[in-house]
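Inspection log for the structure reproduced underneath, given as structure tokens.
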Amino acid sequence: MKTTIAILPLFAAVALLAGCSREDAASAVKDARTTIGELITPESGNPDNMLVVREAKLKERRRQNTRWTAENISAHPELYLQQCQEDVKAAIAQYDALLLSLRKLRNENERKAKEAGEEAARLNRFIEEAKPFYADENTVYPVTVSGFSFTKEQFVKQLRAAIKDRDRHQAEAGPARQRAKAAEARIGQVEKAKESAEDTLRSLDTKLADVKANKALSDVGGIKDSVAGILDFADGIQDGVDIPLDVLGEPSAAESDDAFIRKALGL
């Protein structure tokens with residue numbers, strides 16, 4: 001029995017080191033006494049009955065030590081509110097990081113759309129100026145377009161390249177504008193979510209002050225719902241905006257330069 005008595009303080013020390021409260025530690029020692037007693041004198045006719053009870057108690061103790069149950073919240077309201085504060089602060093930090101990413105995405109795509117649009121417009125001016133020369137079968141070469149002189153061979157190559165580049169830039173501008181617009185919409189969503197989280201954090205500060213003064217916590221359900229909603233949004237929102245892009249197909253290698261240009265110009 002001396003060995004048995006020596007083991008009991010060890011159970012208490014292990015329980016306290018594991019983060020249990022003094023009440024849980026006392027319960028662990030009590031369970032240990034029960035366990036040792038059962039090892040010495042198991043229940044007659046049903047030796048597993050007490051084991052089932054102990055396992056049930058252990059599961060419940062683990063549940064309360066890993067989840068904020070009504071019992072834990074009632075026993076430790078300050079710790080519960082402090083945990084809520086930490087969770088909400090982590091969500092706000094996540095929102096801030098996402099806003100930086102979304103603003104960068106928006107700015108990059110606005111710039112791409114602007115540059116692509118300007119380049120497409122420049123090329124289109126060249127194409128419109130060149131179109132009458134190319135359409136007229138009596139055009140005498142070399143011709144001068146946009147201040148540059150071209151032989152017929154140079155003119156055909158330059159016009160074809162200009163059409164392809166214009167179409168490529170136009171194809172890039174549209175999706176870039178779409179991504180920028182989608183990013184702006186997502187920024188608005190995240191900014192509102194962050195504002196709501198900051199309001200909740202201020203509310204938690206007030207409730208924590210009340211608890212410290214009165215040692216009572218009200219509207220636990222509302223707190224849990226608010227924090228859960230904040231965390232769900234933070235976990236569920238995507239980093240960035242993914243929008244499918246329509247890629248303009250290149251003309252086939254078998255298509256002649258002349259046929260390609262005439263088709264593109266509607267000639």
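No value in this document is a laboratory result; all are computed from the given coordinates. All figures in this text were calculated on a predicted structure; none of them were measured in a lab.
Details
- Relative contact order of the range 113-167: 44 percent, from C-alpha pairs under 8 Å at least 6 residues apart in sequence.
- Based on Cα contacts under 8 Å between residues 6+ apart, the range 91-229 shows a relative contact order of 37 percent.
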